[in-house]
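Q: Starting off with a structure, shown below.
Quick note: the coordinates plus some simple rules give every number you see, no bench work behind them. Quantities reported herein were computed from a predicted structural model and do not represent experimental measurements. Here Cβ is always computed from backbone atoms with ideal geometry, including for glycine, and neighbour counts include all displayed protein chains.
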Amino acid sequence: MRWLYKNTKGDWVSTDAIAVNVTGGRKQGYRGYTTKANFEEGDWQIRIETSDAREIGRIYLEVKADPVAGERTFYQQKV
């Protein structure tokens, strides 16, 4: 998973590449996740790449500050 941030010039800048081991599978495909710390508000892109840097997927998201954020609890949804 290659994480990229859109800078003030509008260019995508790579910030991290986080490896994910994928095993198994099912009829509907594969699923995996990574986590990242040290990020800032703005537009982000996550490129899903093979080990030899070929892109096989892409996700866009926007990070916004939450003015009422306190401690958060995250739950894993079973599929």
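Q: Which chymotrypsin sites (Phe, Trp or Tyr not before Pro) in region 5-53 pass both tests, a DSSP loop state and at most 16 other beta-carbon atoms within 10 Å?
A: Those satisfying the criteria are Tyr30, Tyr33, Phe39.
Q: Search the structure for amide H atoms under 5 Å from the amide H of Asp16, placed 1.01 Å from N in the peptide plane, and list their residues when 5 or more places away or on another chain.
A: Those lying under 5 Å, H to H, from Asp16 are Trp3.
Q: Let me ask something else. Using DSSP loop states and a limit of at most 14 other Cβ atoms within 10 Å to flag trypsin sites (Lys or Arg not before Pro), what is the longest stretch of the chain containing no flagged site?
A: 37-53
Q: Let me spell out the model: positive unit charges on the Cβ of Lys and Arg, negative unit charges on the Cβ of Asp and Glu, origin at the Cα centre of the chain. What dipole size does that give, in debye rounded to 20? Walk me through the numbers on the way to the answer.
A: Details: 13 positive and 11 negative charges, 101 e Å.
It comes to approximately 480 debye.
Q: Calculated from the structure, percent of Cα pairs over 14 Å apart equals which of (1) 82; (2) 71; (3) 67?
A: Given (1) 82; (2) 71; (3) 67, the calculated one carries the label (2).
Q: Region 15-79: which GluC sites (Glu not before Pro) are DSSP loop and have at most 12 other beta-carbon atoms within 10 angstrom? Don't jump to the answer; show the numbers that get you there.
A: On the way: sites: Glu40, Glu41, Glu49, Glu55, Glu62, Glu71; in loops: Glu40, Glu41, Glu71.
Here the sparse-neighbourhood loop sites are Glu40, Glu41, Glu71.
Q: 5 Å is the cut-off here: which amide hydrogens, built 1.01 Å from N in the peptide plane, fall below it relative to Glu49, excluding neighbours closer than 5 in sequence?
A: Answer set, sorted by chain and number: Arg2, Ile56.
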